[in-house]
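A short write-up of the structure that comes next.
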Amino acid sequence: MNMKKTIPILICLILLLSLLAPCLAESDDETESEDAAFEPELSAKAAVLMDVETHDVIYSRSEDTPLYIGPLASLMTALLAAEAVERGELSLDDTVTAEAEDYYNINNNNASGILIGEELTLQQLLDFAMLSSPGEACNMIARLVSGSVEAHVALMNERAAELGCTGTTFVNVNGEDADGQFSCAGDLALIASEAIGHELLMDICCSVSATIPPTNLSQAQELKTNNYILRPDRTRYYYSNALGIKAGYSDLSGYSLISAVRIKDKYAVAVLLGCRLEAAENGYYDIQSFVQAKKLMQWFLDNFTIYDVINPEIPMKELPVLMGSGSDTVLVRSKDRLRVFLPSDADTEGMFKYSINIAGDSPDRPAVLTAPINMGQKLGELYVTGNGKTYGPFSAIANTDVELSRLEVVTERISVLLAKPWLKLVFLGAVLLLIVYAVIMLRINARRAKKRREEHEAKRGEIINMPDDDFRQ
């Protein structure tokens, strides 16, 4: 081909591509923006993101699959200790002495250097257990709280069942790999949701470090959390929006993490199980439990918002009231608030349906509200259906007072009396007596009237037959 002809053609092609480049770039940006709304792809064996208040599952990957969970089991050990403190059964200053039995079946990698005979407070043991996962610290907590490790394990299983866990079995208190000890991402999210409600425990779980003062056998120690998602010095894993809760590793469980994130004052808990090391740039191997947790929580923050399903300050329904003074209805509102996480672009119009069951309601005989009613008085239960589930019951309470009408009371009592069978008989008898009395009186009056007429006729006869000579005189 002639070069003189080729060069102009090439120039035209270059100019055409330069004009199309912005359009192609814009198209790529739009695709990236749309993809941001899709659920993130995770390599964890199991993962879940759960609303702490409602237990709604926002993200799920094999959430019910039973897996080894490693040191994450110690969260339940610590939760029972925190609950015992809050009930007043223990104090954070209570001490326990390390014994040889606390080291049985403990992997050396999970030991903290606590010495046999060393005295530590419950606060210090919780710092050890939640920040660095030493097995002997968990055993000491169990002995202090429940009297023995075995008793504490039984209590852990009992408490897990109370929280709604159906795929969890504990056989030790520290998460050492053991046959028969397993849980699932969904159950751990339920346990973590309960833990978030205990400020004492969360203060420890969200700590980056803790100082253990000198003991009877050791110098002061500085603990740093092995939950790298909380540590600014671990720049590859640090995530400023993360809150706690527990990180762990074992040969059978791999790398696992329980963390939390919030929008305003509402929390979601993230659980990732069975993560591994994966090659990264510059020869690094990233711990995927932290990398993927950041990815999952950032996706949540980018795409979800809080929706008020029930606002306790706003009346929801007006119900009829009998025997009220000045009003025959009452406004009803919920005593409780209900908020859920929904996609930011969700169409909430008609998404939720509300129903109120008044106390005493039955299919055959619906209950009726009767005055007097006091503001704040519980009138029944409120249920909400939507978002794929039913929420409730919530307490439905009166928003205003409704005073009792005295006139209505009198009328009601008369109606009640008249409705009684024996009173009907009495009333019928009285009516019959009145009828008999009326008949008798009518007959008596008729006789009296007849007699008066006869007397009157007789008198008239006497006047008409008077002698004529009487007039002549």
Subset of segment 52-86, residues of a type in the set (D, E, K, R) and surrounded by fewer than 20 Cβ atoms within 10 Å (Cβ to Cβ), comes to E53, D56, D64, E83, E86
Complete set of residues in segment 335-357 that are part of a loop (DSSP other than H, G, I, E, B) and of a type in the set (G, A, S) = S344, A346, G350
When you go through (1) within 25 Å of N357 (Cα to Cα); (2) under 27 Å from the mean Cα position of the chain (by Cα); (3) loosely packed, with under 15 Cβ neighbours inside 10 Å one by one for T329, which number turns out not to apply?
-> (2)
Taking Y59, is it hydroxyl-bearing (S, T, Y), under 28 Å from C184 (Cα atoms) and over 23 Å from the mean Cα position of the chain (by Cα)?
-> no
All-but-one check, G324 against (1) touching a helix residue (DSSP H, G or I) at 6+ places or on another chain (Cβ under 8 Å); (2) free of Cβ contacts under 8 Å to residues at least 60 places away in the same chain, failing number (2)
Just wondering, is there one or more residues in segment 186-208 that are in contact with a strand residue (DSSP E or B) (Cβ under 6 Å, 6 or more places away or on another chain), without any contact (Cβ under 8 Å) to a residue 60 or more places away in the chain, more than 17 Å from L272 (Cα to Cα) and part of a loop (DSSP other than H, G, I, E, B)?
-> yes
Is it the case that segment 115-132 has a residue that's modelled with pLDDT under 95 and assigned to a helix (DSSP H, G or I)?
-> no
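Based on what the data block shows, is L379 farther than 25 Å from Y59 by Cα and either assigned to a strand (DSSP E or B) or at pLDDT below 95 (or both)?
Numbers: farther than 25 Å from Y59 by Cα: yes; either assigned to a strand (DSSP E or B) or at pLDDT below 95 (or both): yes.
Yes: the conditions hold for L379.
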Pick from A154, A100, A73: which is within 19 Å of S256 (Cβ to Cβ) and not basic (K, R)?
-> A73
Could you look through segment 125-165, keep only residues that are among the polar types (S, T, N, Q) and touching a residue at least 24 places away in the same chain (Cβ under 8 Å), and pick out the one that is farthest from L80 (Cα to Cα)?
-> S132
Pairs with Cβ under 7 Å, 6+ apart, first in segment 82-107 and at positive phi, second surrounded by 18 or more Cβ atoms within 10 Å (Cβ to Cβ) and modelled with pLDDT under 95 = N105/E176
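Each row is one residue, and each column tells you yes or no for (1) of a type in the set (A, V, I, L, M); (2) surrounded by fewer than 14 Cβ atoms within 10 Å (Cβ to Cβ); (3) under 30 Å from K266 (Cβ atoms).
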| position | (1), (2), (3) |
| --- | --- |
| D336 | no, no, yes |
| F341 | no, no, yes |
| L369 | yes, no, no |
| L379 | yes, no, yes |
| V384 | yes, no, yes |
| K389 | no, yes, yes |
| S395 | no, no, yes |
What number of residues in segment 157-175 are surrounded by fewer than 20 Cβ atoms within 10 Å (Cβ to Cβ) and closer than 27 Å to D102 by Cα?
-> 6
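The values are calculated or read from the model by the stated rules, or taken from the named source; none is laboratory data. Only a predicted model underlies this, so the values are computations on that prediction, with no experimental measurement involved. Every residue, glycine among them, receives a Cβ derived from its backbone with ideal geometry; neighbour counts consider all protein chains shown.
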